[in-house]
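Where a number appears in this text, it was derived from the coordinates with a stated rule and is not lab data. Not measured: the values here are computed from a predicted model. Ideal geometry is used to build each Cβ from the backbone, glycine not excepted, and the neighbour counts take in all protein chains shown.
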């Protein structure tokens, strides 16, 4: 592990805790000291040669971010991404922790598969966690063994990519998940309301001769699953919110004490269905980009805490797949490497969130899923991201550590640059470095 001293940096924690300009000393994988500038190594006192000194001037340091919704496609689809390249993309974006979804081939529905994925993830340098499936084979017919999956290391349950269509099975799952203190994370799209997946049922789809996915696909299932969570006492997460009505349903449920969380992706708070005209299949995703009123509702939900997590739904695909005609192309975009800059551009610079509030949304999953991290304080894990807010970068195909390039933000100039990502006291990404 590296011994690192970060001098004279703006420290930003979730919730405004310990905000200050100061110095940080990292030793043995933890934050050994956090103090006002000049107190750890006073002016004129040399930093020992065995400690690497990092200049924090004109930089912000955040707790290492966590993305509770990524697809590393491993096993089964490693031509798109694998655990190593996905983790490298995470480090490049400032994420020190990620939770892999279980829609792999074979899926994460047995303890052995979860144990294998976690074993291989130990080499990545970042903290890679695994979700277990709710149903065997993600078929929506029979529940997996939740206790066994939890014992193997699953930190949440999900059939992400597919909804749990049976209300009776969903209720049974909620009861058993509550018994195991596991959160169920839900992809809420009822196929009954979907003609062409990946595009909103509206004017853009009509102009392309497509039927599209109606907003009721999401709304109906969000309403149903909030009601199930309320009567079972289960804890659920509504993934990648896209519709204004869903935001309001979650707001009301939280006010009533229902144990419900919600994710928003950078693409859903940054873009609308109009992006499909400009970017084609690179703006095709499930649930789809919707209208400006929906985007504004998501921004409001992030601002008032109704939506408590920002997650990327990092979904790599090959260039050949995305080159297919729209109805035949897969849904999803990559997001780990652009997320922090989009948060800065879309939320912080316009004043929708302060940096401290943004960090609450980007680290909330630590608390939701009971994982270590999310705070800069003495004794905490040395998981940090050093960020240069006054610099910018151009999104090109060459900038990505991911295997994939499927993003609607290609060729855009984004504000803010991740300069260094540290996980467990080890530098896992450095701008311009060899890591």
Under a plain spin-label model, where a point goes 7 Å from the Cα along Cα-to-Cβ, how far apart in nm are residue 37 and residue 136? 6.2
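Once a ≥ b ≥ c are taken as the square roots of the eigenvalues of the Cα gyration tensor of the stretch 211-363, is the result rounded (a/c under 1.5), prolate (a/b larger than b/c) or oblate (a/b not larger than b/c)? Before the final figure, lay out each step's value.
Values: a/c = 1.92, a/b = 1.30, b/c = 1.47.
Verdict is oblate for the stretch 211-363.
Once fully extended, how much extra length lies between residue 181 and residue 349, figured as 0.36 nm per residue of separation less the alpha-carbon to alpha-carbon distance?
Stretched out fully, the residue 181 to residue 349 stretch lengthens by 56.7 nm.
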Relative to the longest principal Cα axis of the chain, at what angle does helix 167-179 sit, 0 to 90 degrees, rounded to 10? 30
Taking Cα pairs closer than 8 Å and at least 6 residues apart, the relative contact order of the stretch 58-138 in percent is 32
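In deg cm²/dmol and to the nearest 500, what is the mean residue ellipticity at 222 nm of the chain if only DSSP H runs of at least 4 residues count, each as -39500 (n - 2.57), divided by the residue total? List each step's numbers first, then the result.
Details: 13 runs with 122 residues, N = 435.
Computed ellipticity for the chain at 222 nm equals -8000 deg cm²/dmol.
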Does the stretch 147-207 come out rounded, prolate or oblate, given a ≥ b ≥ c as the square roots of the eigenvalues of its C-alpha gyration tensor, rounded meaning a/c under 1.5 and, failing that, prolate meaning a/b above b/c? prolate
Principal axis extents for the stretch 72-226, Cα atoms only, whole Å, descending order, please. 47, 37, 25
Hull-based mean projected area of the stretch 270-356, where the convex hull spans the alpha carbons, in square nanometres: 6.0
How many nm is it between the label spots at residue 323 and residue 231, if each spot is 7 Å from the Cα in line with the beta carbon? 5.2
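What is the stretch 137-190's relative contact order, in percent, from Cα pairs under 8 angstrom and six or more apart in sequence? Write down the numbers at each step before the final one.
Working: 50 pairs, mean separation 24.9, N = 54.
It rounds to 46 percent for the stretch 137-190.
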Using alpha carbons only, how many degrees (0 to 90, rounded to 10) separate the axis of helix 244-255 from the longest principal axis of the chain? 70
So what is the relative contact order of the chain, in percent, for Cα pairs below 8 Å that sit 6 or more residues apart? 20
Based only on the alpha carbon positions, what is the Kirkwood hydrodynamic radius of the stretch 14-65, in angstrom? 12.5
Sorted largest first, extent of the stretch 311-435 alpha carbons per principal axis (Å): 53, 33, 33
For helix 83-93, report the angle its Cα long axis makes with the longest principal axis of the Cα atoms of the chain; keep it between 0 and 90° and round to the nearest 10°. 60
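Indicate, rounded to the nearest 5 percent, the antiparallel portion of the DSSP beta bridges found entirely in the chain. Walk me through the numbers on the way to the answer.
Numbers: 31 of 58 bridges.
Here the antiparallel bridges make up roughly 55 percent for the chain.
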Compute the Cα gyration tensor for the stretch 358-410, then decide on rounded, prolate or oblate, letting a ≥ b ≥ c be the square roots of its eigenvalues: rounded whenever a/c is under 1.5, prolate when a/b is larger than b/c in the other cases, and oblate in all that remain. prolate
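Set the Förster distance to 30 Å, then compute FRET efficiency between residue 168 and residue 293 from the Cβ-Cβ distance, nearest 0.05.
Details: r = 34 Å, r/R0 = 1.14.
With R0 = 30 Å, the Cβ-Cβ based efficiency is 0.30.
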Pull out the extension gain between residue 431 and residue 377, defined as 0.36 nm times the separation in residues minus the alpha carbon to alpha carbon distance; nm, one decimal. 17.0 nm
So I have [x] 1.14; [y] 1.01; [z] 0.95, and one of them is Cα Rg over 2.2 N^0.38 Å calculated from this model. Which one is it? [z]
